[in-house]
Amino acid sequence: MKTRIIGLLILVALWLGIMLPAFSEKRLDGQVKELLREVQTALQNYHVDEELYPKSKMSGAELIGLLDEGGYLEAPPLNPWTTEPYQTPDDPIDFLEYETDELAETYTLIARTKDSDEVHHILDSTAHHSLE
Amino acid sequence: MIIAWLIRDHHTRLRVQGDRPITAYEVTVFLPDTHKLKPDVGPRAGLFIFDKSGEKIGYAARTMPHAKEITGYSGPTDGLIVFDAQDKVLGVKIRDSYDTPSHVEDVTLDLLFMESWNGRTWEEIAAITDFGAANIYAVSGATRTSDALVESISFRTQMAKGPNATVGQKVKFRWQDFVLIGVLLGGCIFAFWKSKRVQKFRLPYSVLSVGVFGILLGDLLAQSLLIGWIESRVPWEATPGLVIFAAAMFALPFFTKQPVYCQFVCPHGILQRWLMKLRPAKWMTKLNPDIKWLGRLIPVFLLLLVLLVSFFRLPIGLAGIEPFDAWLIKSAGIATIVVFGVGLLLAFFIPMAYCKYGCPTGLLLEFIRRRSAPNSFQRKDWVGLVFLISAIALHTLLK
C-alpha cells in the first residue's frame, strides 16, 4: 500500500510537471497579448496627438515610460514576464521591443519568447494587426 | 460519446466566438428578450438567439476573428450583426476596434451609417458587390474605419458560401483510402475467422500492416488525430478511408467485444509482439502487483491530460504523449521519438509494456470493449464517470 501511495504521488508530480508549465505559458500568453493591446491603443492615441509614432527603436520599458509620461496609457501596465509594474526606462526582464520606420509613420511591436530570440507575437501597423 | 460531444461543443463555441465571445447581454440592445445564445455549427458560424421560453428569436454574428485581415486605419474592427427571426438585420454595433478611438466614435455616432444594413437579410448583404448602389456610404472623416466595417460585414456574410462551407465538397477516395479499408478487412478476417487455414496468413498480414499501414501511411489511431476530429470536424470528404477505418475500429470492440485494432492491426502492437518473441526468455521481468497497478494508471493520467489540453487549449502537442507519429519519421518530434524508443525498449523486458502501461488510445478502445454488464458498476466505470463529470464541469466552467 505504501509503495502504491508513493508511486501515485510520483505519478501526480510528473503529471503536474507537464501540466503546470503549460498552464503558466498559456497565462503568460494572455498577459502578453493584453500588454500589446494596451500599448497599441496608447500608440494610436500618441499618433493622434503627434501625427507620428515615437521616432526611435526602443525597448518595451522605454516605450511604456514614454507613453505613460505623455498620458497615453490608462494605467501603467504590468510587465507580464515579472508580473510587476514595468521598471522604466530600463527593465532587466523585458521581451518587448518597439521599432519604427525612418519617418515614424509605421510601427512594429515585437514580443519575444522568454529565454530565446523567437518572436512570440508581432503587431505592426501595416500587416499583423490582430492577435485574435 | 458524451465527453466527445462536450469537447466538440466547447470548440465550436470557441471557433464561433473567438477570444471575445458575444454575450447575451450585448444582444439585448437589439433583442431585449434574449435569454440564451447557442453556437451554429453550420457554415454561417454564428449564434442562434433564444428567449426564455426556448423559442428562436434571432441570430447574431461577429466579424472577428474571421475578417481579421480586413483593416481600417490601423487594424480590424469587430462588428456585431444581429438578425431577427425572419433573418433581417435589426442592428449593427462596433464591439471593438484596433482603429483610432476618435474615428471609431465618429462611426458609432453616425446612425445613418450604422443602420445601413437594417432590414436586409443575410443573403442580401452577402450579395452586395457595389456598396454605393446599395446605399452604404462611408463615414466622412472616418472613411477607412467605416469602410473596414462594411467590408468585414460583407466578408463575414459571404463566408458562409466560401471555403468554410462544407456543402458541395465531394468525397474523394484515393489509393490510401482503399489500402486502409483493406487493412481493416484483413484485421476483421483474423479477428473473426479463427480457422488455422486463415490464421497461418497472420504473419504476412502483420508484415504488411507494419510496412504499409505503419511506415508508408502512418495513419495510426492516436489521441492527436481523434481530438483534432472531435474539436473541428471529421474530414470525411478528404480522407474517407481513414474515417471508415477509425469508426470501424471503435465500433467493432463495442459490438463484438473483439479488440481488432489493438490485437491485430496496430503496427506498434505488432512490433512489440515480435520483440517479445525475439527476446531471450531470461530477459523477461515480472512486475510486482504495485508497479502493475501504478503502470495501469499512466494511460488514465494521459487521457486526463488530453481532456485538459483540449478544454484549455494548452500549448502541449498531443502527438508527443504517444509514439505513433514516429512511424512517419519526417514529422516526429523529440517527445514522440522518446516515447517510441522507450516503449519498444521496455517491450524487451515486459511483454507489451507500452500497450499495457502507456497507451491512452488503447485504454479508450479497451474501455469501449469491456463495457459492463447492464447491472454492474465496475472500477473502470467509476473512472469513466470521473472523466464525464470532469468534462461536464470544464464545459460549464469555461462557458
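A short reminder: the numbers here are calculations on the coordinates, not readings from a lab. Everything quoted here is computed from the prediction, not taken from an experiment. Here the Cβ positions follow ideal geometry from the backbone for every residue, glycine too, while neighbour counts run over all protein chains shown.
Legend: helices of chain B (whole DSSP H runs) are marked when their alpha-carbon atoms reach 15 angstrom or more along the helix axis and their mean Kyte-Doolittle hydropathy is at least -0.5; marked are B:2-17, B:143-158, B:175-192, B:240-256, B:267-278, B:289-312, B:334-347, B:379-397. Where q = 0.24, 0.25, 0.26 Å⁻¹, what log10 of I(q)/I(0) comes from the Debye formula for region B:99-195, counting one point per Cα? The Debye formula, applied to the Cα set alone, gives -1.19, -1.24, -1.28. Report, by chain and number, residues whose modeled amide H sits under 5 Å from the one on residue B:139, excluding near sequence neighbours (fewer than 5 apart, same chain). Under 5 Å from the amide H of residue B:139 lie the amide H atoms of B:146, B:147, each far enough along the sequence or on another chain.
The distance from the alpha carbon centre of region B:197-269 to that of region A:15-79 is 48 Å, rounded to a whole number.
Pairs of alpha carbons in the protein assembly as shown separated by more than 31 Å make up 59% of all such pairs. Computed 3J(HN,Hα) for region A:52-68, one whole-Hz value per residue from the Karplus formula 6.51 cos²θ - 1.76 cosθ + 1.60 where θ = phi - 60°, is 9, 8, x, 7, 10, 5, 7, 7, x, 4, 5, 4, 5, x, 5, 5, 5, glycine and proline marked x.
Do any trypsin sites (Lys or Arg not before Pro) in region B:30-65 lie in a DSSP loop with no more than 13 other beta carbon atoms within 10 Å, and if so, which?
Details: sites: B:36, B:44, B:52, B:56, B:62; in loops: B:44, B:52.
Sparse-neighbourhood loop trypsin sites (Lys or Arg not before Pro): B:52.
Within chain B, what is the longest stretch that has no GluC sites (Glu not before Pro) placed in a DSSP loop and near at most 16 other beta-carbon atoms within 10 Å? Intermediate results must be reported in sequence, preceding the final value.
Details: sites that count: B:55, B:69, B:115, B:237.
Here the longest segment lacking exposed loop sites spans B:238-399.
The modelled label-to-label distance between residue B:283 and residue B:161, using points 7 Å beyond Cα along the C-beta direction, is 6.5 nm. Calculated from the alpha-carbon coordinates, region B:175-397 shows an Rg and a Dmax of 17.7, 56 Å respectively.
If you count, for every residue in B:292-304, the Cβ atoms of partner chains within 10 Å of its Cβ, what is the mean? Mind showing how you got there, number by number?
On the way: counts 0, 4, 7, 2, 0, 6, 3, 0, 1, 7, 2, 0, 2.
Average neighbour count from other chains, rounded to a whole number: 3.
In whole angstrom, chain B maps to an equivalent ellipsoid with semi-axes of 52, 22, 20, each derived as √(5λ) from the alpha carbon gyration tensor and ordered largest first. For region B:136-234, the list of chymotrypsin sites (Phe, Trp or Tyr not before Pro) that fall in a loop by DSSP and count at most 16 other C-beta atoms within 10 angstrom reads B:137, B:173, B:193, B:201.
The angle between the Cα long axis of helix A:2-50 and the main principal axis of chain A comes to about 10°, on a 0 to 90 degree scale.
The local environment of residue B:123, defined by Cβ-Cβ distances under 11 Å, has a net charge of +2 under the rule Lys, Arg +1 and Asp, Glu -1. Karplus-based coupling profile of region B:22-32, in residue order and whole Hz: 6, 9, 4, 4, 4, 6, 4, 4, 9, 10, x, with θ = phi - 60° in 6.51 cos²θ - 1.76 cosθ + 1.60 and x standing for Gly or Pro.
Does region B:231-321 classify as rounded, prolate or oblate by the C-alpha gyration tensor (a ≥ b ≥ c root eigenvalues; a/c under 1.5 gives rounded; else a/b over b/c gives prolate, otherwise oblate)? Oblate. Averaged over the residues of B:309-318, the number of partner chain Cβ atoms lying within 10 Å of the residue Cβ comes to 3.
Within the shell defined by Cβ-Cβ distances under 11 Å, the residues around residue A:110 carry a net charge of -3, with Lys and Arg each +1 and Asp and Glu each -1.
Modelled label positions at residue B:254 and residue B:23, each set 7 Å beyond Cα in the direction of Cβ, lie 3.9 nm from each other.
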